[in-house]
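Trainee: Please find one structure pasted underneath; my questions will follow.
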């Protein structure tokens, strides 16, 4: 027992001696960083903050482990993870402000320009090309090769297209005789269309996800209509159909200003909720207000023998936002 | 004393000790406003971390499915796989919603801090030689980030993102001469476009744009390190040739790391506690549907305002549409804003003839012309931004929408001029009061000296030991 004690003591002395040897003996080399006075309270605070941060991280993991999906725990995740990060931030800030030396240094700004080096670099470039007799031709040839390579590398981008075939922009699924159906495919009866509300209709047996498909249906007093003469038959019993896609930027016309609030809204209007382009359904979809540059395309309607609504043709103009030359053609 | 083993390990293998020493002694001048750019950097790191996590669960596909998941109100609805995966990761993955909301908040904070940082740099003249390229890269980064944010909320394929894309399509179509081709080329078919458009947006959002922003960021930081920081003249030791500040290590490191963790803490706390973009409430995108009160994320508010403000006309030649309306607000306006900012260093150089190297910062009052222009420009953009909220003002305060729009259409041209004149006047007055203050101090000093000199030569009082 006493032997063991002796060994232990010897070991301790050895460790202590080794420790001491590594300590600041003799004169200290010149310091590079200012000496800071110890601050036990700040040290304790930093240690405590780091400890709490570790606890918050553990709490996050516990919340995760106990989360059986029965309730949303997002708040707890945010709190625990955020707290962990915040506590580390606090610890680092105390560390930086109270325990690390705060000393300002001076440093020279780098030279903004180096004329000698500029000259040397230029000289290297100049002299490297001194053996070339037809510099301009070489540069042109090299430029042609590089430019052609660049164009060739860009050529596959054409596969993204169609870049040149813009006819599809005029496509709509509407044609004379096509029935109007609701989103579930049920035909729309003229009798079911009431005033002071609007309906969304689609072409029967066609995709509803095409820009030319959806129309908005409203019913006005036939005497209040101010349609151009050639559209006199387009609104049987005062039922009007317009493309539901705004001619400004392509959002769906989802607002109908009716019933009216006379002081600010003297007449029924179709309004796009994106930029508030406002169209007059009584006047062939003309623009009342807002940024749209052309009228809402109108779809001619007729009522068939069974009282169902059918298209009597295609829209009065191209559907959706304008592009170059859009006014030129009727939709197909 | 023997070197730290880690330092020796690195230096033995890389020879980087001289570089490490140089980096540790690199000097950061101190000012609170210098931290704005750092906050942007740290928000970017949070964006990358949360974005990688989201990409593990998000399915960028427009394949049609019928929802049958946890969130009852949407059950039975047709939707895209993309939207469904966004709903699923919000409701079924334990930390999915935290990550999604933190990602969204980080994008908003990223752009706020970029804009504030840019304003700090502008109003202090930090963009002048030798830091013009740093400024240029920064402005490019701002616009790349705007596009990146737009792509980010567009890939989700909820109703709001679809409305945003419709507007993007309309704006693309409005480009003179080639708009129709451009829109069809990008979308692959008339709106809502080809199925491949979703994967195109996704790869742009998760690889191309982050890569571009990362490259610009690297260049931005490398140039800052090469040119060193600008500084305010807080002490006479700070000159055009000498900067004074804290070394990277030890002083700046805990401060910067603390800011990194603090930024991340705020973002994750927001992500956990404050709901943002609850996509399950908007529903899946349907071409024929729209929702009232739709607003984009704040950083695109200026564009929606510009689109809404434009009076309704297309430029036509006979039957030919030359310029469709969305071009003005959606393309011309942001292009003017971007190029004004990009070219400002050259504009100012031409206006003032000042081609010198500037390492010392101006206070805003020191350059009344620049400050007045900056304020006027800011007022212009902010008023157009506010015009984008006229629909909300109409709902909450019952002010006529049309009336507000007309008010803004006039105000956006008058207010900047007024702001310019008022700001320039304030700057000049401040300069004058500075001059008066300096003159008074000089006079007082002289008067004191005169008092000391004037009395008859009496034995001067012994200087007090202090």
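Trainee: So which of B:400, B:389 is at pLDDT below 90 and surrounded by fewer than 18 Cβ atoms within 10 Å (Cβ to Cβ)?
Mentor: Numbers: B:389 fails: at pLDDT below 90.
Among B:400, B:389, only B:400 is at pLDDT below 90 and surrounded by fewer than 18 Cβ atoms within 10 Å (Cβ to Cβ).
Trainee: In segment B:81-122, how many are farther than 25 Å from residue B:300 by Cα, buried (at least 20 other Cβ atoms within 10 Å of the Cβ) and either free of Cβ contacts under 8 Å to residues at least 12 places away in the same chain or in contact with a helix residue (DSSP H, G or I) (Cβ under 8 Å, 6 or more places away or on another chain) (or both)?
Mentor: Residues meeting the conditions: 3.
Trainee: Hey, could you check segment A:106-116 for residues that are under 46 Å from the mean Cα position of the chain (by Cα) and either assigned to a strand (DSSP E or B) or more than 14 Å from every other protein chain (Cβ to nearest Cβ) (or both) and say which is surrounded by the fewest Cβ atoms within 10 Å (Cβ to Cβ)?
Mentor: The selected residue is A:108.
Residues are listed down the side, and each one gets a yes or a no for (1) at pLDDT below 95; (2) away from every other protein chain (no Cβ under 14 Å); (3) in a strand (DSSP E or B); (4) in contact with a strand residue (DSSP E or B) (Cβ under 9 Å, 6 or more places away or on another chain):
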| residue | (1), (2), (3), (4) |
| --- | --- |
| B:302 | no, no, no, no |
| B:321 | yes, no, yes, yes |
| B:333 | no, no, no, no |
| B:338 | no, yes, no, no |
| B:341 | no, yes, no, no |
| B:346 | no, yes, no, no |
| B:372 | no, yes, no, no |
| B:381 | no, yes, no, no |
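Trainee: Hey, another quick one. Of these, A:148, A:90, which one is away from every other protein chain (no Cβ under 14 Å), out of contact with any strand residue (DSSP E or B) (no Cβ under 9 Å at 6 or more places or on another chain) and not in a loop (DSSP other than H, G, I, E, B)? Talk me through it step by step, then tell me what you get.
Mentor: Values: A:90 fails: away from every other protein chain (no Cβ under 14 Å).
Among A:148, A:90, only A:148 is away from every other protein chain (no Cβ under 14 Å), out of contact with any strand residue (DSSP E or B) (no Cβ under 9 Å at 6 or more places or on another chain) and not in a loop (DSSP other than H, G, I, E, B).
Trainee: In addition: Please enumerate the residues belonging to segment B:343-370 that are closer than 15 Å to residue B:128 by Cα, crowded, with 16+ Cβ neighbours inside 10 Å and in contact with a helix residue (DSSP H, G or I) (Cβ under 7 Å, 6 or more places away or on another chain).
Mentor: B:345, B:348, B:364, B:370
Trainee: Residue A:85 is checked against (1) out of contact with any helix residue (DSSP H, G or I) (no Cβ under 7 Å at 6 or more places or on another chain); (2) part of a helix (DSSP H, G or I); (3) within 13 Å of chain B (Cβ to nearest Cβ); (4) more than 30 Å from residue B:244 (Cα to Cα) and fails just one. What number does that condition carry?
Mentor: Result: residue A:85 passes all but (1).
Trainee: Still on this structure: Does residue A:265 satisfy being without any contact (Cβ under 8 Å) to a residue 24 or more places away in the chain and buried (at least 18 other Cβ atoms within 10 Å of the Cβ)? Break it down stepwise before answering.
Mentor: Numbers: without any contact (Cβ under 8 Å) to a residue 24 or more places away in the chain: yes; buried (at least 18 other Cβ atoms within 10 Å of the Cβ): yes.
It is true that residue A:265 is without any contact (Cβ under 8 Å) to a residue 24 or more places away in the chain and buried (at least 18 other Cβ atoms within 10 Å of the Cβ).
Trainee: So if I check each of B:169, B:150, which one is at pLDDT 95 or above, buried (at least 22 other Cβ atoms within 10 Å of the Cβ) and at the interface with chain A (Cβ under 7 Å from one of its Cβ atoms)?
Mentor: B:169
Trainee: Would you confirm, using the coordinates I've provided, whether residue A:98 is more than 9 Å from chain B (Cβ to nearest Cβ), out of contact with any strand residue (DSSP E or B) (no Cβ under 6 Å at 6 or more places or on another chain), in a helix (DSSP H, G or I) and surrounded by 11 or more Cβ atoms within 10 Å (Cβ to Cβ)?
Mentor: Details: more than 9 Å from chain B (Cβ to nearest Cβ): yes; out of contact with any strand residue (DSSP E or B) (no Cβ under 6 Å at 6 or more places or on another chain): yes; in a helix (DSSP H, G or I): yes; surrounded by 11 or more Cβ atoms within 10 Å (Cβ to Cβ): yes.
So residue A:98 passes the test.
Trainee: Hey, does segment B:276-299 have a residue that's surrounded by fewer than 20 Cβ atoms within 10 Å (Cβ to Cβ), under 30 Å from residue A:91 (Cβ atoms) and more than 7 Å from every other protein chain (Cβ to nearest Cβ)?
Mentor: Looking through segment B:276-299, at least one residue is surrounded by fewer than 20 Cβ atoms within 10 Å (Cβ to Cβ), under 30 Å from residue A:91 (Cβ atoms) and more than 7 Å from every other protein chain (Cβ to nearest Cβ).
Trainee: Among the residues of segment B:14-28, is any more than 14 Å from chain A (Cβ to nearest Cβ), within 30 Å of residue B:157 (Cβ to Cβ) and at pLDDT 95 or above?
Mentor: No, because not a single residue in segment B:14-28 is more than 14 Å from chain A (Cβ to nearest Cβ), within 30 Å of residue B:157 (Cβ to Cβ) and at pLDDT 95 or above.
Trainee: Filter segment A:157-196 down to the residues that are away from chain B (no Cβ under 14 Å) and part of a strand (DSSP E or B), then identify the one that is farthest from residue B:173 (Cα to Cα).
Mentor: Selected residue: A:189.
Trainee: Sort through A:316, A:322, A:286 and tell me the only one that's within 11 Å of chain B (Cβ to nearest Cβ) and in contact (Cβ under 8 Å) with a residue 12 or more places away in the chain. Working first, answer last.
Mentor: Values: A:316 fails: within 11 Å of chain B (Cβ to nearest Cβ); A:286 fails: in contact (Cβ under 8 Å) with a residue 12 or more places away in the chain.
Criteria check complete, one pass: A:322.
Trainee: Could you tell me how many of the residues in segment B:203-227 are over 22 Å from the mean Cα position of the chain (by Cα) and either within 23 Å of residue B:122 (Cβ to Cβ) or crowded, with 20+ Cβ neighbours inside 10 Å (or both)?
Mentor: First, the residues of segment B:203-227 that are over 22 Å from the mean Cα position of the chain (by Cα): B:203, B:226-227.
Next, only the ones that are either within 23 Å of residue B:122 (Cβ to Cβ) or crowded, with 20+ Cβ neighbours inside 10 Å (or both) stay: B:226-227.
Of the residues in segment B:203-227, 2 are over 22 Å from the mean Cα position of the chain (by Cα) and either within 23 Å of residue B:122 (Cβ to Cβ) or crowded, with 20+ Cβ neighbours inside 10 Å (or both).
Trainee: Does residue A:199 fit the bill of being within 13 Å of chain B (Cβ to nearest Cβ) and closer than 27 Å to residue B:400 by Cα?
Mentor: Details: within 13 Å of chain B (Cβ to nearest Cβ): yes; closer than 27 Å to residue B:400 by Cα: yes.
Spelling it out, residue A:199 is indeed within 13 Å of chain B (Cβ to nearest Cβ) and closer than 27 Å to residue B:400 by Cα.
Trainee: Of the residues B:255, B:200, B:241, B:237, only one is within 11 Å of another protein chain (Cβ to nearest Cβ), more than 25 Å from residue B:104 (Cα to Cα) and in contact with a helix residue (DSSP H, G or I) (Cβ under 9 Å, 6 or more places away or on another chain); which?
Mentor: B:255
Trainee: Let me ask you something else. Only one residue in B:36, B:47 is buried (at least 16 other Cβ atoms within 10 Å of the Cβ) and under 29 Å from residue B:83 (Cα atoms), so which one is that?
Mentor: Numbers: B:36 fails: under 29 Å from residue B:83 (Cα atoms).
One residue alone meets the criteria, B:47.
Trainee: Tally time: how many residues in segment A:244-254 are at pLDDT below 95 and either closer than 19 Å to residue A:190 by Cα or surrounded by fewer than 16 Cβ atoms within 10 Å (Cβ to Cβ) (or both)?
Mentor: 0
Trainee: Using the structure shown, decide if residue B:307 is within 7 Å of chain A (Cβ to nearest Cβ), modelled with pLDDT of 95 or more and either surrounded by fewer than 18 Cβ atoms within 10 Å (Cβ to Cβ) or more than 22 Å from residue B:147 (Cβ to Cβ) (or both). Working first, answer last.
Mentor: On the way: within 7 Å of chain A (Cβ to nearest Cβ): yes; modelled with pLDDT of 95 or more: yes; either surrounded by fewer than 18 Cβ atoms within 10 Å (Cβ to Cβ) or more than 22 Å from residue B:147 (Cβ to Cβ) (or both): no.
No; evaluated as a whole, the condition is false for this residue.
Trainee: If you don't mind, another one. So for segment A:229-243 (the condition being in the same structural domain as residue A:196 (by TED's automatic domain parsing), within 26 Å of the chain's Cα centre (by Cα) and buried (at least 18 other Cβ atoms within 10 Å of the Cβ)), does at least one residue qualify? Give the steps one after another, and end with the answer.
Mentor: Restricting attention to segment A:229-243, the residues satisfying the condition of being in the same structural domain as residue A:196 (by TED's automatic domain parsing) are A:229-243.
Narrowing further to those that are within 26 Å of the chain's Cα centre (by Cα): none.
Taking every residue of segment A:229-243 in turn, none turns out to be in the same structural domain as residue A:196 (by TED's automatic domain parsing), within 26 Å of the chain's Cα centre (by Cα) and buried (at least 18 other Cβ atoms within 10 Å of the Cβ).
Trainee: Assigned by TED's automatic domain parsing to the domain that holds residue A:210 and within 22 Å of residue B:289 (Cβ to Cβ), is that true of residue A:285?
Mentor: Values: assigned by TED's automatic domain parsing to the domain that holds residue A:210: yes; within 22 Å of residue B:289 (Cβ to Cβ): yes.
Here the answer is yes, as residue A:285 does meet what is asked.
The values are calculated or read from the model by the stated rules, or taken from the named source; none is laboratory data. Since the structure is predicted, the reported quantities are computational estimates derived from the model, not experimental observations. Glycine also receives a Cβ, built like all others from the backbone with ideal geometry; neighbour counts cover every protein chain displayed.
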